[in-house]
Amino acid sequence: MAHIKYVYGIIRNNDRHNFVPFEEKILKKVHLIPFRDIACVVRDYPKNSFDLKEREEVARFLISHQKTVETIMTKYSIIPLKFGTFLEDSHEVVKLLEEGYSEFKEGLIKFQGKIELDVVASWNDLNTVIRKIAGQEKSIRDFSEGVSKKRQKDTFQDRINIGSMIKQVLDKKRNELQKKMLEFLTNRVKLEDQKKHGLMDDSMILNCAFLLNKDREKEFDLALGELNDCFNEEIKFKCIGPLPLNSFATYEVKKSDILEIERAMRVLGLGSEFNAFNVKSTYRELVRKKHPDKFPNDLDAQKQFQEIHSACELLLKHSGIERKSFDRGKSKYAYAVNLLDAGLYQ
């Protein structure tokens, strides 16, 4: 049966000689494919393993992915790749490492010795908070008293309005608490970065990932304990981690056909090599000459301009400071590597 290479992340290649199978069953087949001083952490899977149709199947693979990366990070510094990254074979893995080398190397240096801690803060009893708002806010109290004098069947829209008024106050209170919590933690602990995530429900006040040096984990725990004491039993805090750097250092790999890249190079007239500078400068020159505003009734000109725009976008994905050229004899594909803002699950 044909197999593919599922890629978990990137580690330093000097860990290769010490990289040993883990005791956990899920990790026994994990191995490294090196290039220069970096390496991909991979596992072989049958090709049809990722023809996932059911949500439960996707969830199982996601949990397996996360557990694998978390276990590896107990022994090695790893920058994760986006969930669901797989390549055809070892040659394609090496090709990825070669084309993404500068980005991966920069990430390994930048995030060496860093951990992610995720903090969620929620009201213990949202209903009590809402009742307090309804009783303490004069505008809501006065409006509610007026509604209470009406017949029940005539108050439907009024009750909706009361709910909206309470939500506005609740949102304002949540924003003030978020600011207070983040300022408290920032003043107590040296943080490298922080990234707020979406709130899952109305009871949640804060959902934030923090990037810090691993030797500051205890310091962070103490600060979070102090913050918890400040709010008594009104708010509960939950800290998850240390985690892989999903919110800060997850890389996405996009694969493009070499033939498409070569066609884009011809559209821009770039010859056999390109980099970000000459792609942008050539694009600007062509825009001045070929912009559809100069040919308002020419459909071919509009189509040609769209081709120029698409060619520029494709080549910029695959260009860096150094000049790039592609050899069809070595690979069918080229790989673009980007650092995700939203992390693993985007």
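Output the residues belonging to the stretch 1-47 that are touching a strand residue (DSSP E or B) at 6+ places or on another chain (Cβ under 6 Å), surrounded by 14 or more Cβ atoms within 10 Å (Cβ to Cβ), assigned to a loop (DSSP other than H, G, I, E, B) and modelled with pLDDT under 80.
Phe19
With the structure loaded, tell me whether Glu307 is assigned to a helix (DSSP H, G or I), acidic (Asp, Glu), at pLDDT 80 or above and in contact with a helix residue (DSSP H, G or I) (Cβ under 6 Å, 6 or more places away or on another chain) or whether it fails that test.
yes
Which of the numbered conditions does Lys150 fail, given that it passes all the others? Conditions: (1) of a type in the set (D, E, K, R); (2) part of a helix (DSSP H, G or I); (3) modelled with pLDDT under 75.
(2)
Of the residues that sit in the stretch 102-135 and are within 30 Å of Gln168 (Cβ to Cβ) and in contact with a strand residue (DSSP E or B) (Cβ under 8 Å, 6 or more places away or on another chain), which one is modelled with the lowest pLDDT?
By that ranking, first place goes to Val129.
It is to be established whether one or more residues within the stretch 229-248 are in contact with a strand residue (DSSP E or B) (Cβ under 8 Å, 6 or more places away or on another chain) and either small (Gly, Ala, Ser) or assigned to a helix (DSSP H, G or I) (or both).
yes
Yes or no: Asn213 modelled with pLDDT of 75 or more and not acidic (Asp, Glu)?
Against the criterion (modelled with pLDDT of 75 or more and not acidic (Asp, Glu)), Asn213 qualifies.
Got a number for residues in the stretch 186-206 being closer than 14 Å to Lys238 by Cβ and not in a loop (DSSP other than H, G, I, E, B)?
3
Exactly one of (1) at pLDDT below 75; (2) exposed (fewer than 14 other Cβ atoms within 10 Å of the Cβ); (3) under 27 Å from His91 (Cβ atoms) is unmet by Asp341. Its number?
All conditions are met except number (3).
If you check every pair at least six apart or on different chains, which have Cβ atoms under 8 Å apart with a residue in the stretch 252-273 that is at negative phi and surrounded by 14 or more Cβ atoms within 10 Å (Cβ to Cβ) first and a residue that is among the charged types (D, E, K, R) and modelled with pLDDT of 80 or more second?
Partner pairs satisfying both residue conditions: Glu252/Lys82; Val253/Lys82; Val267/Glu307.
Could we say that Lys190 is loosely packed, with under 12 Cβ neighbours inside 10 Å and of a type in the set (Lys, Arg) here?
Spelling it out, Lys190 is indeed loosely packed, with under 12 Cβ neighbours inside 10 Å and of a type in the set (Lys, Arg).
Out of the residues in the stretch 253-300 that are in a helix (DSSP H, G or I) and small (Gly, Ala, Ser), which is modelled with the lowest pLDDT?
Checked the stretch 253-300; the qualifying residue modelled with the lowest pLDDT is Ala276.
The values are calculated or read from the model by the stated rules, or taken from the named source; none is laboratory data. Quick caveat: nothing in here was measured; it's all calculated off a predicted structure. Cβ sites come from the backbone with ideal geometry, for glycine too, and all protein chains shown count toward neighbours.
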